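Below you'll find the structure, written out as structure tokens, and then a few comments.
The values are calculated or read from the model by the stated rules, or taken from the named source; none is laboratory data. Worth saying up front: this structure is predicted, and the values here are computed from it rather than measured. Quick reminder, even Gly has a Cβ in these numbers, built from the backbone with ideal geometry, and neighbours come from all protein chains shown.
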Amino acid sequence: MGNSILAVRNLAKVYGQDDNQVVALDHVDLDMSAGEIVMLMGPSGSGKTTLLQLLGGLEPPTEGKIKVKDGEWQNFYREPEVSHYRRDMIGFVFQFFNLISALTAEENVALPLILAGQPKKKINALTEEMLHLVGLSERSKHRPTELSGGQQQRVAIARALINKPAILLADEPTGNLDSRNSADILDLLLSMREKLGQSMLIVTHDPYVATYGDRVVLFRDGRIVDEYGAKNIVGEDRSARSLYIMERLQAITNDPRSKQM
């Protein structure tokens, strides 16, 4: 892993006003190294998805700032900065794929480049490269309804990475897949880190999925209440590591003192 790719400082998101305020994210600090895979876990409503939405430029923060690579993006949610930020810095993968049903796999993958006005020759070359990397060269002309769930998620990953973003944000990327396809997608993400040096921030509720990360960050009540690296988990057996992560998550979820952390 290399230099810093992400720095988050004092990031907060508050919905509503006065007595109706809901604090979704409570002054979070987070750093990530280039090439690192960080897993975000916590109970529903704990702030992990809100963090992804702010980092992805989908919503503006109430307070705080974000630095990606060498740029200061504390006002990135304003136009035209937010459009450039989402196009150039961030790739987003969702649980339900979000492919356009009328387009083929290659057309879905190429869409970000088409919208950015890239030359046709470059679009074709990069699209072919990404479909090869995700193992779908032979399915390039198929529409989403002609692909399995795992194949659709591969298309979504190729689309998210075609602009070679600084960070890939993934919100429950295996949540709509069976165990076999989930393992295939997780292996693919590891492969993208190896081949592209891709940095990733992944929200998951599944302790087994979290074993694929270099670091696990636990949220509760809009705050980071615990985190630890893979080196803290003894052994290579994923089942044992998954159990360790589940126990840590349950301890945080059930411990009332974590609200004051």
Among the listed residues G135, G91, which satisfies the condition of being within 26 Å of I37 (Cα to Cα), surrounded by 17 or more Cβ atoms within 10 Å (Cβ to Cβ) and out of contact with any Asp or Glu (no Cβ under 8 Å at 6 or more places or on another chain)? G91
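Being closer than 24 Å to A34 by Cβ, without any contact (Cβ under 8 Å) to a residue 40 or more places away in the chain and surrounded by fewer than 17 Cβ atoms within 10 Å (Cβ to Cβ) is true for just one of E81, E146. Which residue is that?
Working: E146 fails: closer than 24 Å to A34 by Cβ.
Within the list E81, E146, the selection yields E81.
With respect to Y77, determine if the residue is part of a helix (DSSP H, G or I), among the hydroxyl-bearing types (S, T, Y) and at pLDDT below 95. Even if it seems obvious, please write down each step before you answer.
Working: part of a helix (DSSP H, G or I): no; among the hydroxyl-bearing types (S, T, Y): yes; at pLDDT below 95: yes.
For Y77, the condition - part of a helix (DSSP H, G or I), among the hydroxyl-bearing types (S, T, Y) and at pLDDT below 95 - is not met.
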The condition from (1) surrounded by fewer than 18 Cβ atoms within 10 Å (Cβ to Cβ); (2) within 23 Å of R220 (Cα to Cα); (3) in contact (Cβ under 8 Å) with a residue 60 or more places away in the chain; (4) of a type in the set (A, V, I, L, M) that A34 misses is numbered (2)
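Residue under question is D171, and the condition is that it be touching a helix residue (DSSP H, G or I) at 6+ places or on another chain (Cβ under 7 Å), acidic (D, E), surrounded by 15 or more Cβ atoms within 10 Å (Cβ to Cβ) and without any contact (Cβ under 8 Å) to a residue 60 or more places away in the chain; does it hold?
No; evaluated as a whole, the condition is false for this residue.
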Within the range 174-186, the count of residues that are outside any loop (DSSP other than H, G, I, E, B) and not β-branched (V, I, T) comes to 7
Take K65 and tell me if it is of a type in the set (K, R) and without any contact (Cβ under 8 Å) to a residue 60 or more places away in the chain. yes
Out of the range 122-166, which residues are under 22 Å from N176 (Cβ atoms) and among the charged types (D, E, K, R)? R139, R143, E146, R154, R159
Set L103, L131, L111: member being within 26 Å of I185 (Cβ to Cβ), not in a helix (DSSP H, G or I) and not charged (D, E, K, R): L103
Only one of V23, V28, V8 is in a strand (DSSP E or B), out of contact with any Pro (no Cβ under 9 Å at 6 or more places or on another chain), more than 28 Å from G197 (Cα to Cα) and among the β-branched types (V, I, T). Can you tell me which? V23
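Starting from residues that are out of contact with any strand residue (DSSP E or B) (no Cβ under 9 Å at 6 or more places or on another chain) and assigned to a helix (DSSP H, G or I), keep the ones in the range 187-202 and report whichever is surrounded by the most Cβ atoms within 10 Å (Cβ to Cβ). It would help to see each step written out before you state the result.
Here is the first cut: in the range 187-202, the ones out of contact with any strand residue (DSSP E or B) (no Cβ under 9 Å at 6 or more places or on another chain) are 187-188, 191, 194-197.
Narrowing further to those that are assigned to a helix (DSSP H, G or I): 187-188, 191, 194-196.
Details: D187: 11, L188: 19, S191: 14, E194: 10, K195: 9, L196: 15.
Applying the filter and picking the extreme gives L188.
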Here is a check on your reading of the model: is L40 surrounded by 18 or more Cβ atoms within 10 Å (Cβ to Cβ), touching a residue at least 12 places away in the same chain (Cβ under 8 Å) and touching a helix residue (DSSP H, G or I) at 6+ places or on another chain (Cβ under 7 Å)? yes
Any residue that is small (G, A, S) and modelled with pLDDT under 90 - is there at least one of those in the range 245-255? yes
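Residues of the range 47-66 being over 16 Å from the mean Cα position of the chain (by Cα) and either at pLDDT below 90 or not acidic (D, E) (or both), which ones? It would help to see each step written out before you state the result.
Taking the range 47-66 as the starting set, the residues that turn out to be over 16 Å from the mean Cα position of the chain (by Cα) are 60-65.
The answer is P60, P61, T62, G64, K65.
What about K48, is it within 23 Å of Y212 (Cα to Cα) and crowded, with 18+ Cβ neighbours inside 10 Å?
Working: within 23 Å of Y212 (Cα to Cα): yes; crowded, with 18+ Cβ neighbours inside 10 Å: yes.
It is true that K48 is within 23 Å of Y212 (Cα to Cα) and crowded, with 18+ Cβ neighbours inside 10 Å.
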Take the residues in the range 94-115 that are within 16 Å of T49 (Cα to Cα) and touching a strand residue (DSSP E or B) at 6+ places or on another chain (Cβ under 9 Å); name whichever of them is surrounded by the fewest Cβ atoms within 10 Å (Cβ to Cβ). Q95
